Amino acid sequence: AQRVTQPEKLLSVFKGAPVELKCNYSYSGSPELFWYVQYSRQRLQLLLRHISRESIKGFTADLNKGETSFHLKKPFAQEEDSAMYYCALSRQGGTSYGKLTFGQGTILTVHP
Amino acid sequence: DAGVTQSPTHLIKTRGQQVTLRCSPKSGHDTVSWYQQALGQGPQFIFQYYEEEERQRGNFPDRFSGHQFPNYSSELNVNALLLGDSALYLCASSLLGQPSSGNTIYFGEGSWLTVV
């Protein structure tokens with residue numbers, strides 16, 4: 001069975017501080033990992049995906065297959081980063097694509 | 001492009017009743033998935049529709065059923081509602097068969113269902 005674990009329900013940092021949101025997964029196969037973000041009163045939207053290896057809004061995430069982790073990092077947090085963040089997993093390609101398994105989410109609050 | 005649209009946005013039902021939620025996928029998308037998000041939890045996959053057929057299903061009882069129409073829009077039906085069915089129901093759309101790097105799953109704003 002596939003599972004995504006986000007150990008922190010709440011995370012608070014001050015503006016300008018580094019932030020790391022943790023995500024661990026269990027999956028037998030080749031997963032595709034995502035981070036989704038939900039800002040206040042907005043819909044769930046894709047932040048980044050591991051296969052793109054891109055940086056969005058200053059956030060990066062590296063897939064560590066040895067540790068089965070996909071932690072989200074940003075060196076200098078901004079107040080507008082305050083949101084709910086979900087780590088999610090999918091099987092790569094094929095008919096399984098589109099079925100996402102989500103973690104429980106981490107609420108990030110960035111204080112001024 | 002309005003993206004994924006869902007209706008209604010909010011509704012209240014009584015235990016034992018039936019409910020139908022509707023979803024229109026993003027333009028160009030052919031696959032619709034439904035998720036249930038209980039308060040304080042991450043979304044949970046209910047099922048996925050492609051070519052008007054249910055292709056995958058999560059761990060949900062048969063009270064949850066769906067349909068996809070030729071125009072790719074979809075409905076989620078829940079029968080014999082329980083108090084525990086109270087949740088945000090999210091619709092997501094994607095384009096099946098595209099390379100992963102170019103395929104993004106888009107979510108709607110959801111339908112809030114309260115069962116009393």
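The values are calculated or read from the model by the stated rules, or taken from the named source; none is laboratory data. Not measured: the values here are computed from a predicted model. No Cβ is skipped: glycine too gets one built from the backbone with ideal geometry, and neighbour counts run over all protein chains shown. Side chains included, ligands, DNA and RNA excluded: accessible areas come from the protein's heavy atoms. Shrake-Rupley method; radii C 1.70, N 1.55, O 1.52, S 1.80 Å.
Summary of computed values
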quantity	calculated
Strands (runs of 3 or more DSSP E) wholly inside region A:1-88 that include at least 1 residues being open to solvent by less than 70 Å² (accessible area, probe 1.4 Å) and either of a type in the set (A, V, I, L, M, F, W, C) or out of contact with any strand residue (DSSP E or B) (no Cβ under 6 Å at 6 or more places or on another chain) (or both)	A:3-5, A:10-14, A:19-21, A:31-38, A:45-49, A:72-74
For B:GLU75: the one exception among (1) under 12 Å from the mean Cα position of the chain (by Cα); (2) among the charged types (D, E, K, R); (3) within 22 Å of A:LEU46 (Cα to Cα)	(3)
Of all residues making up region B:1-41, the number that are farther than 14 Å from B:SER86 by Cα and part of a loop (DSSP other than H, G, I, E, B)	11
Sole exception among (1) at positive phi; (2) out of contact with any helix residue (DSSP H, G or I) (no Cβ under 8 Å at 6 or more places or on another chain); (3) charged (D, E, K, R) for A:LYS57, by number	(2)
Region B:70-97: number of residues that are assigned to a loop (DSSP other than H, G, I, E, B) and surrounded by 13 or more Cβ atoms within 10 Å (Cβ to Cβ)	8
Filter result (more than 9 Å from every other protein chain (Cβ to nearest Cβ), surrounded by fewer than 16 Cβ atoms within 10 Å (Cβ to Cβ) and more than 9 Å from B:TYR72 (Cα to Cα)) within region B:23-56	B:SER27, B:GLY28, B:ALA38, B:LEU39, B:GLU53, B:GLU54
Which listed residue, of B:PHE45, B:PHE60, is among the aromatic types (Phe, Trp, Tyr), part of a strand (DSSP E or B) and touching a residue at least 12 places away in the same chain (Cβ under 8 Å)	B:PHE45
Residue match in region A:79-87 (condition: in contact with a Leu (Cβ under 6 Å, 6 or more places away or on another chain), modelled with pLDDT of 95 or more and within 11 Å of chain B (Cβ to nearest Cβ))	yes
Any chance B:ALA87 is within 14 Å of the chain's Cα centre (by Cα) and within 9 Å of another protein chain (Cβ to nearest Cβ)	no
